[in-house]
Amino acid sequence: MNNTAIIQGSMSAIAQQSGKSIAETFINANAIIIVDTSGSMHATDSRGGKSRYDVACAELKHLQGSLPGKLALLSFSDDVQFCPSGVPFDFGGGTDLAKALKFAKVADLASGMRFIVISDGEPNDESEALKVAKTYRNRIDTIFVGPEGGSGQTFLNQLAKASGGQGVTADRVKELADKTVKLLAA
């Protein structure tokens, strides 16, 4: 996906439409999406023979379109980057999920803030990522974008459970979006 594109419903799109800054738009976010853009996300074993990264981008486009202005996006590999355009930076490299969770933790102060990790579930350090997830006040949901039944799927389910969240696979992401919409309306 083109990193210069602006996805409909993203922080940048809503800021442009409303004439507000991205910081002012961010205040209205109800969820932080943390998307894995490491090297393993280029494997082409996800649904329809697409790369895990491409499936993640498609799911992000759907989520942002259904929840305009409500989702802030972070992409991570060895580093973490805020992506107001709604397109995750395609880093490659390692998978420092613990670093990404620590980076996003600043938003965990807001009561009811949601966190959604989109990944193939292959972090550099599973135990450190789980340790950080257990410190969250709010729940972390996960969307798995790798081959069905793999260890990455098991890990992401464990990560979600560590914070009281829910783990789903990318082919069922509409289920997660519907539940997120209901939770945000409550």
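The values are calculated or read from the model by the stated rules, or taken from the named source; none is laboratory data. What you are looking at is a predicted structure, and each value in this text was computed from that prediction instead of being measured. Reconstructed Cβ throughout: ideal geometry from the backbone, glycine too, with neighbour counts over all protein chains shown. We work out accessible area using only protein heavy atoms, side chains counted, and drop any ligands, DNA or RNA first. Shrake-Rupley method; radii C 1.70, N 1.55, O 1.52, S 1.80 Å.
Quick notes on this one:
- The chain, relative contact order in percent, only Cα pairs under 8 angstrom and at least six apart counted: 22
- Cut-off under 5 Å, modelled amide H: who pairs with residue 34 long-range: 74, 116, 117, 118
- Close amide-amide hydrogen proximity is noted between residue 89 and 75, each under 5 Å apart and 5 or more residues distant or on a separate chain (H modeled in the peptide plane; Pro and chain starts excluded).
- Taking the accessible area of region 44-143, probe 1.4 Å, and keeping the other protein chains in place, the carbon and sulfur fraction comes to 52%.
- Packing around the peptides 32-38, 148-154, taken as the average count of other Cβ atoms within 10 Å per residue, puts them in this order, highest first: 32-38, 148-154.
- Only one item in [x] 66, 35, 31; [y] 44, 34, 29; [z] 75, 34, 27 matches Cα extents along the principal axes in Å derived from the coordinates shown, and that item is [y].
- Based on DSSP H segments of at least four residues, each scored -39500 (n - 2.57), the chain has a per-residue ellipticity at 222 nm of -11000 deg cm²/dmol.
- In the full protein context, the chain carries 44 Å² of accessible surface per residue, based on a 1.4 Å probe and ignoring ligands, DNA and RNA.
- Potential extension, residue 137-residue 110 segment - 0.36 nm per residue separation minus Cα distance: 8.8 nm
- In sequence order, calculated HN-Hα J values of region 26-36 (Karplus, 6.51, -1.76, 1.60; Hz; x Gly/Pro): 4, 4, 8, 5, 10, 8, 10, 9, 10, 10, 6
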